[in-house]
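Okay, structure first, notes after.
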Amino acid sequence: MTTKNEDIILKRINQLEGKIDRIEQLIMLILDEDNLTEEELLRVTQADKLVKEKAFDKLVLVK
């Protein structure tokens with residue numbers, strides 16, 4: 001594997017780790033909230049399923 005490929009892979013791993021950290025932060029925030037709508041609960045459930053299946057590319061960025 002070339003250095004360029006290694007750099008690309010390391011960059012992608014770092015991006016994924018950042019996304020996972022952000023997901024963890026959002027989940028912790030949600031767990032602190034008592035009043036979630038059904039839509040929010042559904043989105044949390046879907047995101048949890050995607051994380052468990054390691055389908056990170058299917059997660060939708062929420063700002």
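Relative to the current alpha-carbon distance between residue 11 and residue 54, full extension at 0.36 nm per residue lengthens the span by 13.7 nm.
For the chain, the residue among 42, 16, 60 whose Cα projects farthest onto the positive side of the dipole built from Cβ charges is 16.
Labels on offer are (i) 50, 19, 19; (ii) 41, 20, 18; (iii) 48, 17, 15, and the one holding Cα extents along the principal axes in Å computed from this structure is (i). Report summary: the helix-based calculation at 222 nm, which adds -39500 (n - 2.57) for every DSSP H run with n ≥ 4 and divides by the residues of the chain, gives -25000 deg cm²/dmol.
None of the figures in this text is laboratory data; all of them are computed from the coordinates on show. Just so it is clear, the structure is predicted and the values come from calculations on it, not from any experiment. For neighbour counting, all protein chains shown are included, and Cβ atoms are generated from backbone atoms with ideal geometry for every residue, glycine included.
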